[in-house]
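K.L.:
Have a look at this one before I ask anything.
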Amino acid sequence: MALCHSLWGWNEFKDIIKQELCQMVNVPYDQARALIESESSDGASVEREEATMEDTVMEDTVMEDTVVHADLSGGLEGEAASLLAPEQVQFDTGEGSLSASEFASCIVDYLSAHTEPDTFILWSDGCGYQNRNAVLSNALLQFSMKKNKVVIQKYLEKGHTQMECDSVHSVIERRLRDQDVYLPAEYVNLMNKARVKPHPYEVKYIDHTFFQDFTKLRLCKSLRPGVRAGDPTVHDIRAIRYNNNGTMDFKINHSDDWHPHPSHQLRNSTSDSHTVTPLYSDRLKINKLKFKHLQDLKEVIPKDFHSFYNNLLH
């Protein structure tokens with residue numbers, strides 16, 4: 001990123017801070033939307049009814065959120081319904097990266113905070129390193145077993161990946177216009193204020209101690225449903241169900257019945273297969289060139305904020 005002093009403007013400065021230093025993740029973010037949904041006795045999903053709701057932000061109005069009817073109590077269908085509220089997770093590049101374990105940590109933490117539903121449904125896009133990998137699958141399978149929950153991960157079809165959470169990003173971008181931002185943490189306050197009704201967005205500002213290393217989990221060796229040439233591959237999967245008994249099921253088409261995941265791809269539940277440790281023991285170093293550019297930016301940053309940039313590891 002080559003910078004020219006004569007070209008610096010406030011908008012360019014904010015873009016650099018956001019692109020070079022901040023990581024902002026929408027949970028269930030672009031990667032996943034968590035829905036509470038019940039299933040009837042024959043395994044058929046409860047009918048989804050979509051509705052819109054006006055969220056007023058400043059003078060702008062956005063249409064957002066889907067209402068999903070769900071049986072949360074095991075009783076009457078539709079008696080209680082909810083779409084889990086989106087949560088914004090933000091951290092800077094000195095605290096975390098964008099590996100599968102980071103995304104898995106965000107999703108598992110989010111699901112763990114909602115103890116009432118027995119079944120979670122995640123709607124994910126097809127991005128491999130975020131949503132379609134053994135690291136996330138091991139994390140979700142372990143969550144299902146430990147919390148006695150069922151997690152169903154459904155993948156959106158190519159060309160049809162727009163979700164309600166996309167409007168969240170649009171609302172936040174409008175709130176950030178013409179705002180003075182000197183530190184990544186200042187985005188938290190602005191994101192909180194981006195929406196007024198029905199309630200402000202939930203924003204969690206985290207550091208490196210938040211992330212767990214799920215790469216050591218060995219409950220599921222591979223997501224691939226087949227082994228021979230011509231068998232379905234990971235990219236053919238359209239839905240995965242993680243069961244609380246340690247088994248998994250999959251669908252190649254959304255309209256298919258559930259098929260058991262090959263048993264040879266699953267390991268017996270042993271203590272060493274449940275190992276989850278912190279992903280980082282310390283803050284992360286940023287590369288020297290990025291550090292230099294951020295030091296150059298201090299020319300347009302009030303001195304009260306310089307200590308943050310001086311203390312970045314590099």
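The values are calculated or read from the model by the stated rules, or taken from the named source; none is laboratory data. Remember, it's a predicted structure, so these values are computed and weren't measured experimentally. Methodologically, a virtual Cβ is constructed for each residue, glycine included, from the backbone with ideal geometry; neighbour enumeration extends over all protein chains shown. When the accessible area is computed, the model is the full protein with side chains, heavy atoms only, and any ligands, DNA or RNA have been set aside. Shrake-Rupley method; radii C 1.70, N 1.55, O 1.52, S 1.80 Å.
K.L.:
What number of residues within region 101-114 satisfy the criterion of being touching a residue at least 60 places away in the same chain (Cβ under 8 Å) and either under 24 Å from Leu294 (Cα atoms) or open to solvent by 20 Å² or more (accessible area, probe 1.4 Å) (or both)? Explain how you work it out, then say what you get.
P.N.:
Residues of region 101-114 that are touching a residue at least 60 places away in the same chain (Cβ under 8 Å), as a first pass: 101-111, 114.
Imposing the further condition that a residue be either under 24 Å from Leu294 (Cα atoms) or open to solvent by 20 Å² or more (accessible area, probe 1.4 Å) (or both) reduces the set to 108-109, 114.
Result for region 101-114: 3.
K.L.:
Among the listed residues Gly226, Gly230, Gly246, which satisfies the condition of being open to solvent by 50 Å² or more (accessible area, probe 1.4 Å) and either under 16 Å from Ile107 (Cβ atoms) or assigned by the TED database to the domain that holds Asn131 (or both)?
P.N.:
Gly230
K.L.:
Out of curiosity, is Tyr182 over 18 Å from Ile121 (Cβ atoms), modelled with pLDDT of 90 or more and open to solvent by 60 Å² or more (accessible area, probe 1.4 Å)?
P.N.:
So Tyr182 fails the test.
K.L.:
Turning to a different aspect of this structure: Taking the options Phe214, Phe210, name whichever one is in contact with a helix residue (DSSP H, G or I) (Cβ under 6 Å, 6 or more places away or on another chain) and surrounded by 13 or more Cβ atoms within 10 Å (Cβ to Cβ).
P.N.:
Only one candidate passes the filter, namely Phe214.
K.L.:
Okay, next question. For the subset of region 245-283 comprising residues that are β-branched (Val, Ile, Thr) and more than 24 Å from Val227 (Cβ to Cβ), which member is modelled with the lowest pLDDT?
P.N.:
Thr275
K.L.:
Only residues that are open to solvent by less than 80 Å² (accessible area, probe 1.4 Å) and either touching a helix residue (DSSP H, G or I) at 6+ places or on another chain (Cβ under 8 Å) or touching a residue at least 40 places away in the same chain (Cβ under 8 Å) (or both): list them for region 186-198, please.
P.N.:
Of everything in region 186-198, those that are open to solvent by less than 80 Å² (accessible area, probe 1.4 Å) and either touching a helix residue (DSSP H, G or I) at 6+ places or on another chain (Cβ under 8 Å) or touching a residue at least 40 places away in the same chain (Cβ under 8 Å) (or both) turn out to be Tyr187, Val188, Leu190, Met191, Ala194, Arg195, Pro198.
K.L.:
Determine if region 297-304 includes at least one residue that is part of a strand (DSSP E or B) and surrounded by 15 or more Cβ atoms within 10 Å (Cβ to Cβ). Don't jump to the end; show me each part of the working.
P.N.:
Restricting attention to region 297-304, the residues satisfying the condition of being part of a strand (DSSP E or B) are none.
No: region 297-304 contains no residue that is part of a strand (DSSP E or B) and surrounded by 15 or more Cβ atoms within 10 Å (Cβ to Cβ).
K.L.:
Also, quick follow-up: Any chance you could count how many residues in region 120-172 are of a type outside the set (Gly, Ala, Ser), open to solvent by less than 30 Å² (accessible area, probe 1.4 Å) and part of a strand (DSSP E or B)?
P.N.:
So the answer is 7.
Residue-wise test of (1) within 23 Å of Gln212 (Cβ to Cβ); (2) within 22 Å of the chain's Cα centre (by Cα).
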residue	(1), (2)
Asn244	yes, yes
Ser255	no, no
Ser263	no, no
Arg267	yes, no
Thr277	yes, yes
Asp282	yes, no
Phe291	no, no
Leu297	no, no
